[in-house]
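Colleague: Quick one: this structure, given as structure tokens, is what I'll be asking you about.
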Amino acid sequence: MTLKTLDGVDVAGKRVIVRVDFNVPIENGQIQDDTRIRAALPTLRRLLDGGAALVLISHLGRPKGKVRPEFTLRPVAQRLSELLDRPVAIAGDVIGDDARVKVTAAKPGDVILLENVRFEPGEEKNDDELARALAAFGDLYVNDAFGAAHRAHASTAGIAGYLPAFAGDLMTSEVEALGALTGSPERPFVAILGGAKVSDKIGVIENLLSLVDAILLGGGMANTFLLAEGKAVGDSLVESDFVELASTIIRKAREQDVDLVLPVDVVAAQGLDGQVVTVDADTIPDGWAAYDIGPRTVDRFGEVIGNARTIFWNGPMGVFERSAFANGTLAVAKAVAESGAFTVIGGGDSVSAIEQSGLADKISHISTGGGASLEFIEGRTLPGIAVLQDGGEHS
Ligand code: ADP
Ligand code: MG
């Protein structure tokens with residue numbers, strides 16, 4: 001897959017629309033984590049250095065097509081202005097009079113942030129009129145919102161039908177890193193999967209079976225697989241509706257020569273605040289639930305990770321938010337960081353876990369898109385990426 005990048009594109013004197021993912025956590029008007037804003041800076045700086053005026057589009061939360069002041073992008077404009085060290089004007093609307101006046105007046109070096117695009121009911125419907133109205137604000141369209149690329153919305157897909165469309169630097173690096181996994185990864189290629197539920201990750205597991213040499217399963221989802229193997233899992237989180245699917249996956253793994261490794265021991269407790277014990281994964285007593293992988297499992301996983309040349313990790317190995325159940329996730333983070341392999345981590349909680357471990361800078365690529373990175377690994381075509389491909393419209 002080849003994206004149309006910004007390399008060699010002359011943006012001097014042009015008005016460039018950039019779809020960014022500024023969907024940051026905000027509490028009482030205070031931004032809790034500005035990672036996503038920072039992630040867009042290279043593209044924005046590059047365009048500004050090239051002499052463009054910028055019209056930025058983002059969503060924030062789920063206002064569901066209504067103007068809801070609690071979802072305003074105002075705090076984001078302020079933070080972006082600090083980070084770029086230049087004024088950022090926020091429009092009072094998305095495609096209304098205020099936006100039009102501000103965009104029309106924009107000169108090279110100016111930055112206008114439109115108000116939350118999901119205030120417009122047409123955004124999530126990929127409404128053609130909205131796409132056209134947004135496109136009228138610029139000469140070029142750049143999409144750097146990888147985190148929203150799995151949605152076919154007016155600002156991520158429709159708009160690209162009306163302007164020359166390019167991938168921003170963040171989008172390009174995401175597609176390169178994730179594309180290396182689904183393309184021709186160096187082997188052994190090991191996937192580490194965890195998190196709460198199997199049901200969230202079925203498509204990911206199934207597609208990975210045809211890509212990887214080994215899958216290490218931990219976290220809550222491992223319990224359903226243990227149950228499928230006939231093990232006693234006590235009161236651990238299981239999805240009974242998915243036990244059969246887990247059996248099928250175990251069988252397919254065997255058929256396709258994928259080494260599917262389940263926990264051999266777990267850290268269990270009687271409720272999250274109860275006394276903690278380490279037990280074999282097949283003897284979790286009734287009333288007890290597995291909340292983390294145990295030390296022998298960490299060693300087994302560590303061996304496989306140590307031999308890997310490519311690693312994809314999604315989903316914590318346990319309830320890592322609690323220190324009593326964070327060891328497995330932190331130990332796996334350490335093993336991944338020290339593996340020397342090409343390493344990619346995706347998923348909201350997995351990314352928090354690696355940041356919490358202090359090892360984030362030892363990871364080859366940390367994806368900014370939770371849902372989008374998983375859909376990419378599922379092998380699906382992401383609508384926000386499809387419109388940026390070479391050979392697409394306006395190429
Ligand atoms: P990501 O956001 O990285 O895709 P998920 O959202 O799928 O990850 O899973 C993260 C959640 O899974 C965390 O809140 C964690 O507490 C929970 N979790 C992990 N292991 C267990 C377990 N054994 N029992 C219950 N919940 C678990
Ligand atoms: Mg999550």
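The values are calculated or read from the model by the stated rules, or taken from the named source; none is laboratory data. Worth saying up front: this structure is predicted, and the values here are computed from it rather than measured. Because the Cβ atoms are built from the backbone with ideal geometry, glycine has one as well, and the counts that use them run over all protein chains shown. Note: accessible area is taken over every heavy atom of the protein model, side chains too, but ligands, DNA and RNA are not part of it. Shrake-Rupley method; radii C 1.70, N 1.55, O 1.52, S 1.80 Å.
Colleague: Kindly state, as a whole number, the per residue volume in cubic angstrom of the convex hull around the alpha carbon atoms of the stretch 228-372.
Modeller: Each residue corresponds to 120 Å³ of Cα convex hull volume.
Colleague: With charges only on Cβ, +1 for K and R and -1 for D and E, what is the dipole size of the stretch 307-395 about its Cα centre, in debye, rounded to 20?
Modeller: Here the stretch 307-395 has a charge dipole of around 320 debye.
Colleague: Then there's this: Determine the dipole magnitude for the stretch 186-313: charges of +1 sit on the beta-carbon of Lys and Arg, -1 on that of Asp and Glu, nothing else is charged, the reference point is the Cα centre, and the result goes in debye to the nearest 20.
Modeller: So the dipole magnitude of the stretch 186-313 works out to roughly 320 debye.
Colleague: Tell me, what is the per residue accessible area of the stretch 86-144 in Å², probe radius 1.4 Å?
Modeller: Ligands and nucleic acids excluded, the result is 42 Å² per residue.
Colleague: Mind telling me which of 358, 234, 379 comes out most flexible in a GNM of the chain, alpha-carbon contacts under 10 Å?
Modeller: Looking only at 358, 234, 379, the biggest GNM fluctuation is shown by 358.
Colleague: Right, another one. Can you give the local net charge around residue 208? Use residues other than it whose beta-carbon is closer than 10 angstrom to its beta-carbon, Lys and Arg +1, Asp and Glu -1.
Modeller: With Lys, Arg at +1 and Asp, Glu at -1, the net is -1.
Colleague: Tell me the Kirkwood radius of the chain: reciprocal of the mean inverse pair distance over distinct alpha-carbon atoms, in Å.
Modeller: 22.2 Å
Colleague: Which angle from 0 to 90°, rounded to the nearest 10, does the C-alpha axis of helix 169-182 make with the longest principal axis of the chain?
Modeller: With rounding to tens, the tilt is 30 degrees.
Colleague: Taking amide H positions as placed 1.01 Å from N in the peptide plane, with prolines and chain starts having none, which residues 5 or more places from residue 94, or on another chain, fall under 5 Å of its amide H?
Modeller: Here the answer is 115, since their amide H atoms fall under 5 Å of that of residue 94.
Colleague: Enumerate the aspartates and glutamates that residue 14 could reach by cross-link, defined here as Cα to Cα under 16 Å, with residues fewer than 8 away along the same chain left out.
Modeller: Once the sequence-local aspartates and glutamates are set aside, what remains near residue 14 is 49, 110, 139.
Colleague: Just to confirm a number: summing +1 for Lys and Arg and -1 for Asp and Glu over residues other than residue 82 whose beta-carbon lies under 13 angstrom from that of residue 82, what do you get?
Modeller: Summing Lys/Arg as +1 and Asp/Glu as -1 gives +1.
Colleague: Another question, then. Name the long-range amide H neighbours of residue 110: under 5 Å, sequence gap of 5 or more, or other chain; modelled H, no Pro or chain starts.
Modeller: 54
Colleague: For helix 74-84, what angle does its Cα long axis make with the longest principal axis of the chain, in degrees from 0 to 90 and rounded to 10?
Modeller: It works out to around 90 degrees.
Colleague: So if I take the centroid of the Cα atoms in the stretch 310-349 and the same for the stretch 137-181, what is the distance between those two points in Å?
Modeller: Answer, in whole Å: 28.
Colleague: Can you list residues whose amide H is under 5 Å from residue 342's amide H, if they're 5+ apart or on another chain and H is modeled 1.01 Å from N?
Modeller: Sorted by chain and number, the residues that satisfy this are 310, 311.
Colleague: Could you work out the relative contact order of the stretch 178-271, using alpha carbon pairs under 8 angstrom and six or more residues apart, expressed as a whole percent?
Modeller: 30 percent
Colleague: Continuing with this model, one more query. With axes computed from alpha carbons, what is the tilt in degrees of helix 35-49 against the longest principal axis of the chain, rounded to the nearest 10 within 0 to 90?
Modeller: 40 degrees
Colleague: Ok, one more. If the only charges are +1 at each Lys and Arg Cβ and -1 at each Asp and Glu Cβ, what is the size of the charge dipole of the stretch 187-234 around the Cα centre, to the nearest 20 debye?
Modeller: That gives a dipole near 80 debye.
Colleague: A further question follows. At a Förster radius of 51 Å, what calculated FRET efficiency corresponds to the Cβ-Cβ distance of residue 98 and residue 283, to the nearest 0.05?
Modeller: The computed FRET efficiency comes out at 0.20.
Colleague: I've got another one for you. Quick one: check the C-alpha center-to-center distance for the stretch 350-395 versus the stretch 206-262, whole angstrom.
Modeller: Cα centroid of the stretch 350-395 versus Cα centroid of the stretch 206-262: 25 Å apart.
Colleague: Right, something else. What ³J(HN,Hα) values, in whole Hz, does the Karplus curve 6.51 cos²θ - 1.76 cosθ + 1.60 give for the stretch 122-133 when θ = phi - 60°, with x put for Gly and Pro?
Modeller: x, 4, 6, 8, 6, 5, 5, 5, 5, 4, 5, 5
Colleague: Determine ³J(HN,Hα), in whole Hz, for all residues of the stretch 304-318 in sequence, where each value follows from phi through the Karplus function 6.51 cos²θ - 1.76 cosθ + 1.60 and θ = phi - 60°; x replaces Gly and Pro.
Modeller: 5, 5, x, 8, 6, 9, 9, 9, 10, 10, 9, x, x, 7, x
Colleague: Using θ = phi - 60° and the Karplus form 6.51 cos²θ - 1.76 cosθ + 1.60, what ³J(HN,Hα) does each residue of the stretch 103-112 get, whole Hz, x for Gly and Pro?
Modeller: Listing the rounded values in order: 5, 4, 7, 5, 10, x, x, 7, 10, 10 Hz.
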